[in-house]
Amino acid sequence: NLINALAYAKHPAYFSFLIEHALTHENHEVALHAGLALEGIRKAFPFLINAVEHEDPNVALRAIGVLGNIGSKNAVPALTKALGHENPSVARNAAFALGNIRSDKAVTALTKALEHEDTSVVSSAAVALRENGSPKAVTALTKALEHKNPHVVNSAASALGEIYSPKTRAILEAWRKR
């Protein structure tokens with residue numbers, strides 16, 4: 001198909017087309033194929049990073065999804081910035097994408113997102129920290145058990161429960177006994 005042909009050509013001029021038109025296509029299959037095509041092209045990475053700040057939230061959402069699938073630590077600054085996007089869907093997807101990236105900077109960004117004003121972003125950050133599962137993520141979720149917002153506490157407890165290790169079981173048992 002056309003998308004695969006453009007991706008196979010690996011010409012930078014086509015990346016903008018794939019991002020602007022195919023990645024935002026109303027047909028989900030077209031958008032999905034565009035994302036998959038861009039994932040496999042290393043030279044498309046800077047275009048995807050720029051697309052995170054695109055004025056159309058749908059472009060930003062799809063670019064964030066592709067970057068999350070790629071899982072590169074080089075995407076962390078752009079995804080961290082997207083956590084503060086005015087559109088909660090963009091911020092939520094940025095959190096999920098950061099959860100796919102194993103880095104301390106990603107965990108730090110997700111930890112800060114536990115303080116977000118939108119509870120759906122908070123839940124996404126907790127899930128992403130669960131997916132990360134690193135000791136630093138467990139520490140962040142443990143601290144979130146002390147948060148004043150019950151939604152943050154519930155999200156953190158749920159995430160810790162799903163990590164399910166001897167350490168997280170002990171943390172949750174101690175927390176429940178208080």
(request) Test Ile163 against the stated conditions and say whether it is under 27 Å from Ala75 (Cβ atoms) and open to solvent by 10 Å² or more (accessible area, probe 1.4 Å). (result) yes
(message) As an exercise: evaluate Ala63 against (1) open to solvent by 20 Å² or more (accessible area, probe 1.4 Å); (2) of a type in the set (A, V, I, L, M, F, W, C); (3) at pLDDT below 90 and give the number of the one condition it does not meet.
(response) (1)
(request) Could you list all residues from the stretch 124-159 that are of a type in the set (D, E, K, R) and in a helix (DSSP H, G or I)? (result) Arg130, Glu131, Lys136, Lys143
(message) If the requirement is being surrounded by 17 or more Cβ atoms within 10 Å (Cβ to Cβ), among the hydrophobic types (A, V, I, L, M, F, W, C) and in contact (Cβ under 8 Å) with a residue 40 or more places away in the chain, which of these qualifies: Ala156, Ala126?
(response) Ala156
(message) Residues that are under 16 Å from Phe96 (Cβ atoms) and not aliphatic (A, V, I, L, M): does the stretch 140-159 have at least one?
(response) yes
(request) Select from the stretch 128-145 the residues that are among the aliphatic types (A, V, I, L, M) and over 14 Å from Lys167 (Cα atoms) and list them in ascending order. (result) Ala128, Leu129, Ala144, Leu145
(message) If a residue must be at pLDDT 80 or above, part of a helix (DSSP H, G or I) and out of contact with any Phe, Trp or Tyr (no Cβ under 6 Å at 6 or more places or on another chain), how many such residues does the stretch 34-60 contain?
(response) 10
(message) I'd like the full set of residues that are of a type in the set (Gly, Ala, Ser), open to solvent by 30 Å² or more (accessible area, probe 1.4 Å) and either part of a helix (DSSP H, G or I) or farther than 22 Å from Val59 by Cα (or both), limited to the stretch 83-123.
(response) Ser89, Ser120, Ser123
(request) Inspect all residues belonging to the stretch 52-63 and state whether any of them is under 26 Å from Trp175 (Cα atoms) and touching a residue at least 24 places away in the same chain (Cβ under 8 Å). (result) no
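The values are calculated or read from the model by the stated rules, or taken from the named source; none is laboratory data. A quick note: this is a predicted structure, and the numbers were derived from the prediction, not measured. Neighbour counts are summed over all protein chains in view; Cβ atoms, including those assigned to glycine, are modelled from backbone coordinates with ideal geometry. Only protein heavy atoms, including side chains, enter the accessible area calculation; ligands, DNA and RNA are left aside. Shrake-Rupley method; radii C 1.70, N 1.55, O 1.52, S 1.80 Å.
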